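A.B. asks: Sharing a structure below in C-alpha cells format, with a few things to ask.
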Amino acid sequence: MEHVGATPGDEQRLGAGRAASCGLLAGAAALAAGELVGGLRARWQGPVVAVAEATIDAVPRSVKDFAIETFGENDKIALVIGTLVFSAMFAVLLGLVARRSLVAASAGFAVFGAVGVWASQQLAGASLGDAVPSLAAGVAGVGSLVLLVGSAAGSRPVPAAGHAAGEAATAEPVRVMEMATIGGAATRRRFLATSGLVALGAAVAGGAGRALRQRFSASASRDAVVLPAAADPLPVAPAAVAVDAPGVSPFYTPNAEFYRVDTALAVPQVQAESWTLRVTGLVDREVEISYADLLDRALVEEDITLTCVSNTVGGDLAGTARWLGVPLRELLDEAGVDPSADQIIGRSVDGYTCGFPVGAAYDRAALVAVAMNGEPLPIQHGFPARLIVPGLYGYVSATKWLTEIELGRFDDFDQYWVKRGWDEQAPIKLMSRIDTPRSLGKVPAGTFVIGGVAWAQTIGISKVEVAIDDGDYVEATLADELNVNTWRQWSLPWDAAPGRHRLTVRATDAAGQLQTDVRADPFPNGASGWMSIFVDVEGA
C-alpha cells in the first residue's frame, strides 16, 4: 500500500482565492507606500495621483468632454476612483499570475511602479526626485507579493518518523492524515496572520501619508488672511436684481456651490507667506509682488459672472461672485508692456497656462483677484490669487493659483487648451437658461412662474422670450441689470394646463443680437443653441 500524501518539498498549488487576495493586498501595500513617501515632500505625489494627472493631459479631447458631460464637477473624483479600480483589478490579475510564476507577477508590480515613474515625469517642472514615491510603490508591491505568496503556499508535511521518503507506508495512516490537516491549518493561520499584517501596514502607511501631506495644506495660511477693505466698495446689490421665482439660481453663487473645472487633480496648496507673482516677458521691467504687497494696494470690487467653455446648453457651469482684487492693467502698466506683445499668458503653480489678448486687460474689469464673496479665495478656487476676465471663457483667462503673468505673442506661444485643439480666441457666447421648472419635472396645474438666467458678458441682456409648445414667443420680465458683466434673471407666469409641454427660451443681447438657435457642442469655442425642456403638468 502506497503512502498517502506527497514527498518532502512538494509545494501546494496556490488556490485562486488566495492568489487573488495576495495580489489585492500587495497592490494596497504598493499604493499605501507610494502615499506615505509622497507625503514627505510638498511636490511629491503618490502613483495614483501621478497617473491620473498624466491621464488628464494625455487622453483625447473626446474623452475629456465625455467625462465633464457625464460627471460634471465630479470628473476628477471619477478619474481617481477609476484609477483605483483599475489598479485593484491589475493587482488581482497579478496575484492570479503568481499561481504559475511568481517572477512574472513580480515583474508586473515592477511595471506598475514604472508607470507611476513615467507619469511623475510628465508633470510640469518634473525632476527625477518626483519618481521616488512610485519607485517605493513598486518595491513595496513586489516585496508584499513575495511575502504573501510564500505564506499562502507552504510545504506539505513530511511522512511520519521512521518512514523514509518514498518508502511504502503500511502503518499509521490516521497519523499521516492528522499531520496533513495540522499542516493545512498552520498554513492558513500563517497566511491570515501575514495578510493581516500587510493590510494593517497598508492602512497605517496610507493614513500616515495623508497626515504628512497635511503639513503642506494652505488652510492655515488662508485662515490667517485679514482682507483689507476695497478702496471704493461697491454698494450692496439691490433686491431688484433677483426675480420672485422659487428655483431660480441665487444672483450671487455661494462659494461652496460655485462650479470648479480645471486640470488640477490634487488641489495646489500654496501658502501666501511664500507666494509671489511675477510679471515677465515682453515688458520694460520685470515686476515681482508678494501677497502682502498685493493686499497693500488699492483693491477694487467687481461683480462678474464666470462661465466654463465646457458648459452645455442649459448647463450649470456658470456662476456669479463679487471679486476683490487689483486691476490687471495697473500691474501691466507698472511693468511697461512692449508694443509688440499681443497675448497675456497666465501661469499657474502647477504648470497650467492660459492666454488672452492684451486688450482685454484694458477694455474691461480684469482683475488679479484675492477674494470671492467677501472672503479670501477658497483654495479650490485659486488661493492666494487668480485671474478674472469678464466675457472670456475660463480656459483662456481664469488662471487659478496664479504665479506668473507673462507678456508674449500668440504667434509664439499656444496655451494649454489651444495645444489640444480649442480656439485661441474665446469670447463667451450669448446664452439663456431655464432654472425652474426642471427638465422632466412635474408641476401642478394652474399658475406657475417659469424663471432662469441669461448672460451676454460685456454687452448685457435686453430681452428674454419663452415659447410654450409650438406657440409664439412671449417676452419675459427681466430683473434689474446690475452690470453688463453679470447674468440677468428673468421670469414669466404660465397658466399651466395638464399634460406634457415643451418650454423653450431664447435671449437677445443689448446690441440687438438674437441668441442663435444653431446647436453646437462646447468644442472648440463654446456651446450654442436654445434650451428646450419637457415638463409634465399634473391635473388639479
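A.B. asks: Under a plain spin-label model, where a point goes 7 Å from the Cα along Cα-to-Cβ, how far apart in nm are LEU234 and GLN380?
C.D. replies: 2.3 nm
A.B. asks: Moving on. Quick check on packing: order 414-422, 396-404, 341-349 by the mean number of other C-beta atoms within 10 Å, highest mean leading. Write down the numbers at each step before the final one.
C.D. replies: On the way: 414-422: 17.9, 396-404: 24.9, 341-349: 22.1.
So the order, starting with the most tightly packed, is 396-404, 341-349, 414-422.
A.B. asks: What FRET efficiency, computed as 1/(1 + (r/R0)^6) with R0 = 25 Å and r the Cβ-Cβ distance, is obtained for ARG502 and ASN373, rounded to the nearest 0.05?
C.D. replies: Values: r = 36 Å, r/R0 = 1.44.
Computed FRET efficiency for ARG502 and ASN373 comes out at 0.10.
A.B. asks: Taking the mean number of other Cβ atoms within 10 Å as a proxy for protection, how do you rank 519-526, 423-430 from highest to lowest?
C.D. replies: Values: 519-526: 17.1, 423-430: 19.1.
Top to bottom by mean Cβ count within 10 Å: 423-430, 519-526.
A.B. asks: Something else: Grab the beta carbon distance between ALA104 and ALA58, set R0 = 22 Å, and tell me the FRET efficiency rounded to 0.05. Let's see the in-between values first.
C.D. replies: On the way: r = 27 Å, r/R0 = 1.23.
That gives a FRET efficiency of 0.20.
A.B. asks: Right, next: Over the Cα atoms, compute the radius of gyration (one decimal) and Dmax (the largest Cα-Cα distance, rounded to a whole number) for the chain, in Å.
C.D. replies: 31.1, 105
A.B. asks: Given a Förster distance of 35 angstrom, what is the FRET efficiency for ASP284 paired with LEU514, based on the Cβ-Cβ distance and rounded to 0.05? Display every interim value, and only then the final one.
C.D. replies: Details: r = 45 Å, r/R0 = 1.28.
After rounding, the FRET efficiency stands at 0.20.
A.B. asks: From the helices alone, meaning DSSP H stretches of at least four residues, give me the mean residue ellipticity at 222 nm for the chain, per-run term -39500 (n - 2.57), in deg cm²/dmol to the nearest 500.
C.D. replies: On the way: 11 runs with 173 residues, N = 540.
Mean residue ellipticity at 222 nm (helix-derived): -10500 deg cm²/dmol.
A.B. asks: Let a ≥ b ≥ c be the square roots of the eigenvalues of the Cα gyration tensor of region 45-147; is it rounded (a/c under 1.5), or, if not, prolate (a/b larger than b/c) or oblate?
C.D. replies: Numbers: a/c = 2.76, a/b = 1.53, b/c = 1.80.
Here region 45-147 falls in the oblate category.
A.B. asks: With unit charges on the beta carbon (Lys/Arg positive, Asp/Glu negative), name the residue among PRO228, MET531, SER217 whose Cα is farthest towards the positive pole of the charge dipole of the chain.
C.D. replies: SER217
A.B. asks: What's the exposure ranking of VAL389, VAL243, going from fewest to most Cβ atoms within 10 Å?
C.D. replies: On the way: VAL389 28, VAL243 23.
Starting with the residue having the fewest Cβ neighbours, the order is VAL243, VAL389.
A.B. asks: Roughly how many Å is it from the Cα centre of region 424-444 to that of region 295-327, as a whole number?
C.D. replies: 18 Å
A.B. asks: Modelling each spin label as a point 7 Å along the Cα-to-Cβ direction, I'd like the ASP470/ARG438 distance in nm, to one decimal.
C.D. replies: Each label point lies 7 Å from its Cα, and together they span 3.1 nm.
A.B. asks: Related question: Would you mind calculating the relative contact order of the chain from Cα pairs under 8 angstrom and at least 6 residues apart, reporting the percent as a whole number?
C.D. replies: Numbers: 1145 pairs, mean separation 72.1, N = 540.
Computed value for the chain: 13 percent relative contact order.
A.B. asks: Over region 377-467, what relative contact order in percent results from Cα pairs under 8 Å that are six or more residues apart? Mind showing how you got there, number by number?
C.D. replies: Numbers: 88 pairs, mean separation 21.5, N = 91.
Computed over region 377-467, the figure is 24 percent.
A.B. asks: Same structure, new question: Any idea what log10 I(q)/I(0) is at q = 0.22, 0.29 Å⁻¹ for region 485-540, Debye with uniform C-alpha scatterers and no solvent?
C.D. replies: Listed by q, the Debye log ratios stand at -1.03, -1.23.
A.B. asks: List every DSSP H helix in the chain whose Cα atoms extend 18 Å or more along the helix's own long axis and whose mean Kyte-Doolittle hydropathy is at least 1.0. Don't skip to the answer; put the middle values down first.
C.D. replies: Working: long enough: 16-38 (33 Å, 1.19); 75-97 (33 Å, 2.09); 102-120 (27 Å, 1.75); 132-152 (30 Å, 1.80); 173-213 (60 Å, 0.57).
Those that pass (Cα extent of 18 Å or more, hydropathy at least 1.0) are 16-38, 75-97, 102-120, 132-152.
Just so you know, all these numbers are worked out from the coordinates, no wet-lab data involved. Here the structure is a predicted model, which is why all the values come from computation and not from measurement. Every residue, glycine among them, receives a Cβ derived from its backbone with ideal geometry; neighbour counts consider all protein chains shown.
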